[in-house]
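In what follows, a single structure is set out as structure tokens and then discussed.
The values are calculated or read from the model by the stated rules, or taken from the named source; none is laboratory data. Computed from a predicted structure; not experimentally measured. For neighbour counting, all protein chains shown are included, and Cβ atoms are generated from backbone atoms with ideal geometry for every residue, glycine included.
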């Protein structure tokens, strides 16, 4: 869950997304992020938590999915 | 060569003296310098440097998400172009004329983005560079972002010719309209290379001014005996160029007419200018305009304030103008706004347009004791009224020996 909170803050503060649009079901494209911006978002997430999305994992379709993947990677790192 | 007439119908600045053209001109006319001492770089590696930097805040004029995809130079270009489109009356619900072209000059593109990527690679020992680095560092960023921001669907071209970049962009825009290829061009330039790595590189070149005893604002002194070099600035300027037919049909305000463009190369040295090359650019421009040196009342010169460069331009003007050189007023407004490199030609062309419109000539600030080798009328200190002013030139001469001169006439 901490990665979801990080994503919300990142998208509001750095990407200028309206907070009311930020629900777990929202897609990056639906929030106005193109593929390049989505890559920037993933990179910020990776840097924050010291994780790395695989090429397949970058193909998430919602913010909730991205956060769940990140949480899994964070947990795996801790083991 | 005669063709269609070309007018400037809008002007947009993001400059060291601000964004409002009338207010900028007023400050320049009074000889007010925007040069200051700025602390740049990191705490360990930074330095106090004389700069004409801008406290730029795009605010809601560029959305946060869009800013992430624009280097600083592109952001400056977008805001300057927004100002120009609004000034020209060509902005409709945030969009410009889609049939227009964009011709932009830029030297280094996203210099600060490149620095950041190298810092990540070298200092942080990481290959995890921002994924947007490549599209952001390109010199074509300003032109592309202007096209995307305002829905401009004609050609979006970039001219990267060092210090002459945006003069050539305006010159080529003028030719494209005159020769019937296009009716309206958003022409100008942008530069933002005041990141510490780039400034250090300029320091290495040994051409930057030292601080004068009278303060930072007195440090850029073209034609003065105590001149020590140039001061870097940043910013963007966009001119809306339109064919006479298009401008008249919509009842546009005609600020000034562009009547000639001349370009040449020195084929000489990388950083050492040549009288011959500059003289040919001036002659070519006057011939292109069908005018003679006697017609010209003012030259906004390239002169950056370096010991070697300024006398070369004076000599080039003397040779190109002959006896008329003694009668023409010349000034270097770089003494106040610094050297904007890829944006300098557009900013200075805009200032020249305002000088013609107002019939007031801006000065060369900080010129107190003239170098005997710079013995033309260099309008020292403060500006002067010029009730008969009809025609003016704007010179831009670049490293690599590329020279460009624009000829402007009162509308």
Considering only strands (runs of 3 or more DSSP E) wholly within segment B:297-411, the ones with at least 3 residues that are without any contact (Cβ under 8 Å) to a residue 60 or more places away in the chain, farther than 18 Å from residue B:263 by Cβ and not assigned by TED's automatic domain parsing to the domain that holds residue B:21 are B:329-331
Filter pass, residue A:21 being touching a residue at least 24 places away in the same chain (Cβ under 8 Å) and within 14 Å of another protein chain (Cβ to nearest Cβ):
no
Specify which of the listed residues (B:128, B:175, B:82, B:153) is closer than 30 Å to residue A:41 by Cβ and not in a loop (DSSP other than H, G, I, E, B).
B:82
Which of (1) away from chain A (no Cβ under 14 Å); (2) over 18 Å from the mean Cα position of the chain (by Cα); (3) touching a residue at least 40 places away in the same chain (Cβ under 8 Å) is the odd one out, the single condition residue B:145 does not satisfy?
(1)
If only one of B:206, B:189 is assigned by TED's automatic domain parsing to the domain that holds residue B:101 and surrounded by fewer than 24 Cβ atoms within 10 Å (Cβ to Cβ), which one is it?
B:206
Filtering segment B:60-78 down to residues that are touching a helix residue (DSSP H, G or I) at 6+ places or on another chain (Cβ under 9 Å) and surrounded by fewer than 23 Cβ atoms within 10 Å (Cβ to Cβ) yields B:61, B:62, B:64, B:65, B:66, B:67, B:68, B:69
Collect the residues in segment B:35-74 that are within 23 Å of residue B:336 (Cα to Cα), assigned to a helix (DSSP H, G or I) and either within 14 Å of chain A (Cβ to nearest Cβ) or touching a strand residue (DSSP E or B) at 6+ places or on another chain (Cβ under 6 Å) (or both), keeping them in residue-number order.
B:73
Identify the single condition in (1) more than 19 Å from the chain's Cα centre (by Cα); (2) closer than 22 Å to residue B:70 by Cβ; (3) surrounded by fewer than 21 Cβ atoms within 10 Å (Cβ to Cβ) that residue B:181 does not satisfy, given that it satisfies every other one.
(2)
Quick one: count up the residues across segment A:28-79 that are buried (at least 18 other Cβ atoms within 10 Å of the Cβ), in a helix (DSSP H, G or I) and more than 11 Å from every other protein chain (Cβ to nearest Cβ).
7
